[in-house]
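No lab work stands behind these numbers, since they all come straight from the coordinates. Since the model is a prediction, treat every value here as computed from it, not as a measurement. A quick note on method: Cβ atoms are made from the backbone with ideal geometry, for glycine too, and the neighbour counts reach across all protein chains shown.
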Amino acid sequence: MRRKPDYREPAETVRENRARRWAHRLEYVLHRSRAKKLHMNNKGLYQLVNYNNGVVMGADFDATLRDVEIYLAKQEQALAR
């Protein structure tokens, strides 16, 4: 099956991949919504999940990439202490 082309800006894709790697280092997984139609339980953005499958933020795929980066930065600072 052919994949549909990704029409997002290249800079956004790079930023998303960087956030995925960062989340992985802190033992989280970053998911992006794959919904074709947006509805009240899926806003079409991101979800951050820990390794125990507990949703940390974006339960309705409503977390922005900036929100995720801020959360990961706070978690990294907390671990550095």
Practice prompt. Being touching a residue at least 40 places away in the same chain (Cβ under 8 Å), closer than 21 Å to V14 by Cα and of a type in the set (A, V, I, L, M) is the filter here, so list the residues in the stretch 35-81 that pass it.
Written response: L65, V68, L72
Item to complete: Go through the residues of the stretch 43-58 one by one and say whether even a single one is among the small types (G, A, S), part of a helix (DSSP H, G or I) and surrounded by 10 or more Cβ atoms within 10 Å (Cβ to Cβ).
Response: no
Discussion item. Condition (residue is more than 16 Å from the chain's Cα centre (by Cα) and surrounded by 10 or more Cβ atoms within 10 Å (Cβ to Cβ)) applied to the stretch 21-39: is it met by at least one residue?
Written reply: yes
Fill in: Qualifying position, being of a type in the set (V, I, T) and touching a helix residue (DSSP H, G or I) at 6+ places or on another chain (Cβ under 8 Å), among V55, V29
V29
